[in-house]
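To start, the structure under review is shown below, and the notes come after it.
Bear in mind that the values in this text are calculations on the coordinates, not laboratory data. Nothing here was measured: the structure is a model prediction, and the numbers come from that model. Here Cβ is always computed from backbone atoms with ideal geometry, including for glycine, and neighbour counts include all displayed protein chains.
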Amino acid sequence: MLKKWHILLLLVLFVCTFFACEHIPTTPNNVLPKSEISTMNTIFSKKEAFALILRRSGEANWGSIYYCEKDLDNDGVTELITSNGYQQVFYAFANNQIIKLGAYEFIDQNPFFSNNKKYPGIFLFNVGGGLERYRYLSLSNNKISVEYLWDEDFSGYFVEHKERTQRIIEYTKNKDLIAESKNAVANENILNFLIYNIYRMDD
């Protein structure tokens, strides 16, 4: 029969082993559960943090993921945008933490950017059903929001069938933002995404 102090020693060793196994080191080489990506504490740089996100996103999407970096709020620090082809997820790195800002589905909306620093967000443009639609995605206080700017019945169908009285309908009073959306699309300032492959040789 084990003595009491033997039992106590085994209990202490068990508790220590349990907590050691439960601790997940936050290093770039560690594979973290996807559920922890948005809230984990970090001890590495933004570059390493974004590399970790790309690896985890690539693993969840058959080995590759599209991405780009853009300063969406003019604070001098770029955010990371990942895309699996239909949904875009936005991340930031601040105070040694990875922050998941939110997700949005571009789907058939083409992303454009402005050269004017007053508009650091993303202009979204799509054509369908006889309408041209313009939206603006922006970042403020670590929150992603999308504003419907305006659309145009370029086919004339809706006006002809009296479903609307005007070819152009503006949904915002910000005329400068509407004008800039036109410029971004007209100048073909397309926001380009690169592809990250987890099987690349230099990884």
*If you take all C-alpha pairs in the range 26-197, what percent of them are over 29 Å apart?*
28
_Approximate spin-label separation Asn115-Glu48, in nm, with each point projected 7 Å along Cα-to-Cβ_ = 3.8
*Could you give the nm distance between label points at Ile190 and Glu132, where each point is 7 Å from its Cα heading toward the beta carbon?*
1.7
*For Tyr199 and Asn96, what does the FRET efficiency come to when R0 = 25 Å and r is the distance between their Cβ atoms, rounded to the nearest 0.05?*
0.30
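Filter the cross-link list Lys143/Lys175; Lys100/Lys175; Lys46/Lys182; Lys46/Lys143; Lys117/Lys143; Lys118/Lys182 down to pairs whose alpha-carbon distance in this structure exceeds 25 Å.
Working: Lys143/Lys175 23 Å; Lys100/Lys175 31 Å; Lys46/Lys182 34 Å; Lys46/Lys143 19 Å; Lys117/Lys143 19 Å; Lys118/Lys182 15 Å.
Check vs 25 Å cut-off fails for Lys100/Lys175; Lys46/Lys182.
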*Arrange the following residues from fewest to most other Cβ atoms within 10 Å of their Cβ: Thr82, Thr172.*
Thr172, Thr82
*What's the extension gain from Ser155 to Asp75 if we count 0.36 nm per residue and subtract their Cα-Cα distance?*
24.7 nm
